[in-house]
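Single-structure report; data block below.
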Amino acid sequence: ELLVSPKTLERIEEMITTGLPEANFFQPLRQYQGFWCFPVFLRGAILAQENFRAKPEDIFLCSAPKTGTTWLKALSFATVTRTHFDDSESPLLRKLPHDCIPYLEHVSIKNSTRELPPNLPLLSTHAPYSWLPNSITESGCKIVYICRNPKDVFVSLWHFVRNIESENREVISLEEGFDLYCRGTSVYGPYLDHVLGYWKASLEFPDRVLFLKYEEMMEDPAFYLKKLAEFMGYPFSLEEENEGEVQKIIDLCSFDKLSSLEINTKGKVYYDQGAMFNNHTLFRKGKVGDWKNYLTSEMAERLDKIAEDKLGKSGLKF
Ligand code: A3P
């Protein structure tokens, strides 16, 4: 069921296809308000900007692609629904985390597939902070952002995007892809601008924006899961902690557990006119520092320098 009129869709389609700068990162990109994006996500993001009304109790999980979105979604979903399901019944055991928490970009086009239990307060988006519909930034609802070392994000992104099956796919080498990424021409790039937008918001509104780093969460998942739960308004009680509830959720959402589930080894996602990826491509290695296996020291230096210049005195470091 469509939530918007065909006329609105047509107007936005026209704007995207004829009115915006073009580039390519395996697939065609369009540049909108400073960021590059695949047209299918852009359509949803623009619709959301025009129509979406956030509720104060909504919680938005925000991220650039390949920074740990799937993991953050799994952890948040398991935490918020922990009293709803017995251990063996969690929807995470039979659904992709992305099907448990919908993307704002999709909800704006089709009627939401909000998962059981009804009124789950969780939504997600890859939109940069500056793209968020006004009602999200004005309603006082909470935002959780996850980011990751730019070098690992590139390696993860390059692998993921080259595995998307789509008609208009153009394969690009690691070197070409890296050059594009460094210049900001990748999906939701420039990545560091994406991160900085949320970083600044988290400094300005610390009660509303929780800023997380993949590496830190990997290092001490229990600490960050408790922090996340508290921020979302679902803190673990002492009793729950003593009963091992925190560890149970960490185990359920671990790379090894999720990546071995049948839904994630065999499932596929069709997302736009036949474009498809296998669920298992969302679970590649799940390691910190895998960039060392792919980037030369010159490449690493180039990206480090870009990050240093861009992040400057912002207080953020990778
Ligand atoms: P790698 O490609 O480096 O392995 P996203 O979910 O934002 O698309 O990010 C995908 C990255 O997160 C991939 O990184 C993937 O392996 C990793 N990942 C997926 N599930 C994870 C989990 N449960 N724990 C830790 N990392 C996970």
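The values are calculated or read from the model by the stated rules, or taken from the named source; none is laboratory data. Computed from a predicted structure; not experimentally measured. Here the Cβ positions follow ideal geometry from the backbone for every residue, glycine too, while neighbour counts run over all protein chains shown. Only protein heavy atoms, including side chains, enter the accessible area calculation; ligands, DNA and RNA are left aside. Shrake-Rupley method; radii C 1.70, N 1.55, O 1.52, S 1.80 Å.
Quick notes on this structure:
- Dipole-positive endmost among Met218, Met232, Gly177 within the chain (Cβ charges, Cα centre): Gly177
- Dipole size of segment 4-85 about its Cα centre, with +1 on Lys/Arg Cβ and -1 on Asp/Glu Cβ: approximately 260 debye, rounded to the nearest 20.
- Positive dipole terminus of the chain, leading residue within Thr70, Gly312, Gln31 (C-beta point charges): Gln31
- Cβ-placed point charges (K, R +1; D, E -1), dipole of segment 188-292 about Cα centre in debye, nearest 20: 600 debye
- Low-density loop cleavage sites - trypsin sites (Lys or Arg not before Pro) in segment 211-253, where at most 11 other Cβ are within 10 Å (DSSP): none
- Restricting segment 159-191 to trypsin sites (Lys or Arg not before Pro) in coil, as DSSP defines it, with at most 14 other Cβ within 10 Å: Arg183
- Highest-fluctuation residue, Thr125, Thr185, Thr281 considered, GNM on the chain with Cα pairs under 10 Å: Thr281
- Solvent exposure of the chain amounts to 47 Å² per residue of accessible area, where only protein heavy atoms count and the probe is 1.4 Å.
- For Ser237, the shell of other residues with beta-carbons less than 12 Å away shows a net charge of -4, using +1 for Lys and Arg and -1 for Asp and Glu.
- Reference-scaled alpha-carbon Rg (2.2 N^0.38 Å with N residues) for the chain: 0.97
- FRET efficiency estimate (nearest 0.05) - Cβ-Cβ, Arg169 to Leu3, R0 35 angstrom: 0.75
- For Arg284, neighbours were defined as the other residues whose beta-carbon sits under 10 Å from its Cβ, and their charges (Lys and Arg +1, Asp and Glu -1) total +2.
- Distant-in-sequence amide H partners of Leu29 (H built 1.01 Å from N, under 5 Å): Ala23, Asn24
- Relative contact order [Cα under 8 Å, 6+ residues apart], the chain, whole percent: 23 percent
- Taken over segment 1-157, the convex hull of the Cα atoms encloses 128 Å³ per residue.
- The charge dipole of the chain, taken about the Cα centre with unit charges on the Cβ atoms of Lys, Arg (+1) and Asp, Glu (-1), comes to about 400 debye, rounded to the nearest 20.
- Projecting the Cα positions of Val269, Ser202, Met15 onto the charge dipole of the chain (unit charges on Cβ atoms of Lys, Arg, Asp and Glu, taken about the Cα centre) puts Met15 furthest along the positive direction.
- Look at where the Cα atoms of segment 231-298 and of segment 140-188 average out, and the two centres are 17 Å apart.
- These residues, Leu238, Leu303, go from largest to smallest accessible area, 1.4 Å probe, as Leu238, Leu303.
- Take Glu89: with every protein chain present and a 1.4 Å probe, its accessible area is about 100 Å².
- The chain - share of DSSP beta bridges that are antiparallel (%, nearest 5): 45 percent
- Share of carbon and sulfur in the accessible area of the chain stands at 50%, probe radius 1.4 Å.
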